[in-house]
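The structure appears below as structure tokens.
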Amino acid sequence: MKKLLFSWILILSFQSYAQVRLDTLYNRPFEKGSQYWSYGMSSKYTFTFTVDNETKNVSSIIADPLSARRSVIYLDRAKNISLMCWIYAKSLDNFRYTILENDSVILAKDVIPRTVSKNKNSYYIDFGRFNIVDKTISIVFYEKNKSESDYKFAFYNKDVKPVDLLSAQVIEVFKNPEIKNFKNKEGKFVRREVTTGKVLTLNNGSILFSKNLSYVEIKIKPVENVFLYKVLLQRINNSSEVISKLVQPSWNYDSEGNMVAKLDIDNLSKEGKYELEIIPAIGFRRLTSNKAKKIIFDVSTEKLFSTKQLITSALLFSLIVGAITGGLAVYVKNKQIKEKVAEQAKQKEVAQLKLNSVRSQLNPHFLFNALAGIQNLMNKNEIDNANRYLSKFARLTRNVLDSKELISLTEEKTLLDDYLQMEQLRFGFQYKINASTDLDKENIEIPAMLLQPFVENAVKHGIAEKSNDGEITVTFEKQVSNLVLKISDNGKGFDTTQTYNGLGLALSKNRISLLNTIYKETPFILDIQSDTNGTTVTITLTQWL
């Protein structure tokens with residue numbers, strides 16, 4: 001009984017320690033035999049595993065940046081691993097698990113869990129013991145017909161290697177892109193070139209830091225365990241003291257299959273010589289002594305006036321101010337304020353007119369597509385579905401044609417529900433609309449028809465061909481004082497760098513640009529990420545809450 005009680009205390013203590021210190025390296029000497037590690041994933045699951053006493057280090061749980069709902073644990077020189085799980089449920093009839101070796105060899109598939117012991121409402125499951133020398137062992141544990149219940153764990157026990165650093169660039173995205181129109185000898189329009197930004201290569205070069213710069217882009221060749229790789233940025237100041245900063249970037253695939261990450265430009269805000277390197281590390285500990293390719297560059301900053309110039313300017317300014325009477329200063333200031341207010345009001349009025357024009361183009365575009373959907377159902381003789389589609393369409397049409405510029409999040413959710421239920425009748429996909437519990441959905445308002453064109457694109461160009469396998473997720477999130485709206489689908493994706501003929505996306509981008517001229521203090525940021533696994537559209541309303 002004492003041994004059993006001691007084992008429980010040991011398991012619970014490691015569970016608490018693992019949950020508190022994320023992304024750190026546990027470097028504790030193992031006692032003879034096996035050591036337990038436990039991770040409570042929710043109120044329903046607690047995963048437990050043991051490794052042999054020759055294992056040197058075990059990492060905390062790490063979220064895989066390239067795979068949703070997948071967690072990764074890095075092992076150092078382990079030989080064997082035993083996988084277990086506590087599950088709190090009334091029955092195990094609907095639970096299954098699959099185990100893979102190196103993500104390709106199936107060790108177990110859709111297996112019913114084997115119970116080692118159980119209490120009143122909990123079961124202790126043993127998945128088995130596996131050789132993990134220079135391997136990756138992955139387990140997927142799930143409930144049948146509940147995709148959101150999947151939990152995926154991957155245990156990496158492979159040597160990490162330096163990555164091949166392809167490039168490091170500073171990107172400046174122009175707020176007002178330069179547009180050049182080219183004409184032929186007869187004066188007729190031939191083509192148009194738009195310069196959206198400027199690229200500066202860091203490799204053995206130098207840059208002048210300014211607030212106009214947007215971000216730093218790092219590109220590496222694909223690597224299997226990319227979640228371990230961080231950016232080590234070192235600045236050497238005048239006293240030869242090395243000042244280091246370890247950054248955990250978010251890696252993504254680009255169109256060429258390489259891996260790209262963005263760094264905050266403020267990391268280069270101080271003048272000096274910099275050295276950039278990509279290293280595998282957990283916490284602040286490097287996992288290999290081998291050096292990867294480094295990039296060295298200089299950063300300079302804009303120089304302010306010299307002390308002599310400042311003193312001279314201050315004296316001159318004082319003489320001028322003394323010569324101007326208070327009355328004239330007030331007159332000039334008031335005149336400037338009035339002109340500025342009038343100009344801002346004029347710009348806002350012009351932007352509002354343009355915005356109304358864009359929305360007037362979006363409404364017929366949506367109505368045409370919806371009517372085409374009704375015609376499609378009638379042509380297929382699906383009269384009942386066409387009638388249900390038409391009843392949803394009637395209420396949706398009233399909302400779309402409403403002249404309100406702003407609607408609440410609750411009204412936006414109702415509009416999207418009606419539209420997605422309509423399109424479900426045609427294509428049979430699944431969808432979810434989620435909102436953070438800390439959002440006051442009744443009182444928070446956003447521009448009307450802001451999300452609908454992007455949701456429509458997700459249906460038509462994303463999951464229309466996937467039928468029942470199609471999935472769309474819409475989320476409303478609060479991030480500090482920002483309101484973040486996301487539309488995700490699991491369609492085939494598209495090349496975001498290309499220009500397409502469809503009106504919906506082009507009009508929506510134009511509308512967001514016009515909204516930013518009206519809501520200058522709370523700009524809208526549109527980000528579209530797409531690959532073969534699907535598309536995610538993110539609209540961030542900064543300082544909106």
*Output the residues belonging to the range 117-143 that are more than 20 Å from Glu54 (Cβ to Cβ), surrounded by 11 or more Cβ atoms within 10 Å (Cβ to Cβ) and not hydroxyl-bearing (Ser, Thr, Tyr).*
Lys118, Ile125, Asp126, Phe127, Ile139, Val140, Phe141, Glu143
*Which members of the range 497-545 meet the condition of being closer than 29 Å to Tyr253 by Cβ, among the hydroxyl-bearing types (Ser, Thr, Tyr) and surrounded by 15 or more Cβ atoms within 10 Å (Cβ to Cβ)?*
Ser508, Ser513, Ser530, Thr535, Thr536, Thr538, Thr540, Thr542
_When you check Val163 against the structure, is it surrounded by fewer than 17 Cβ atoms within 10 Å (Cβ to Cβ) and over 21 Å from Lys44 (Cα atoms), yes or no?_
no
_Scan of the range 101-126 for residues that are acidic (Asp, Glu) and touching a residue at least 24 places away in the same chain (Cβ under 8 Å), ordered by number_ = Glu101, Asp103, Asp126
*Before we move on, is Ile218 in contact (Cβ under 8 Å) with a residue 12 or more places away in the chain and touching a Pro at 6+ places or on another chain (Cβ under 9 Å)?*
yes
*For the range 78-102, how many residues are among the charged types (D, E, K, R) and at pLDDT below 85?*
2
*If you check Asp417 against the conditions, is it at pLDDT below 80 and either outside the structural domain of Ile487 (by TED's automatic domain parsing) or closer than 22 Å to Ser467 by Cβ (or both)?*
no
*Output for the range 227-276, where each listed residue is among the aromatic types (Phe, Trp, Tyr), modelled with pLDDT of 85 or more and more than 16 Å from Ser300 (Cβ to Cβ)*: Tyr229, Trp251, Tyr253
*Pairs with Cβ under 9 Å, 6+ apart, first in the range 71-85 and without any contact (Cβ under 8 Å) to a residue 12 or more places away in the chain, second surrounded by fewer than 24 Cβ atoms within 10 Å (Cβ to Cβ) and not in a strand (DSSP E or B)*: none
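The values are calculated or read from the model by the stated rules, or taken from the named source; none is laboratory data. Computed from a prediction, not measured in an experiment: that's the story for all the values here. Note that each Cβ is placed from the backbone with ideal geometry, even for glycine, and that neighbours are counted across all protein chains shown.
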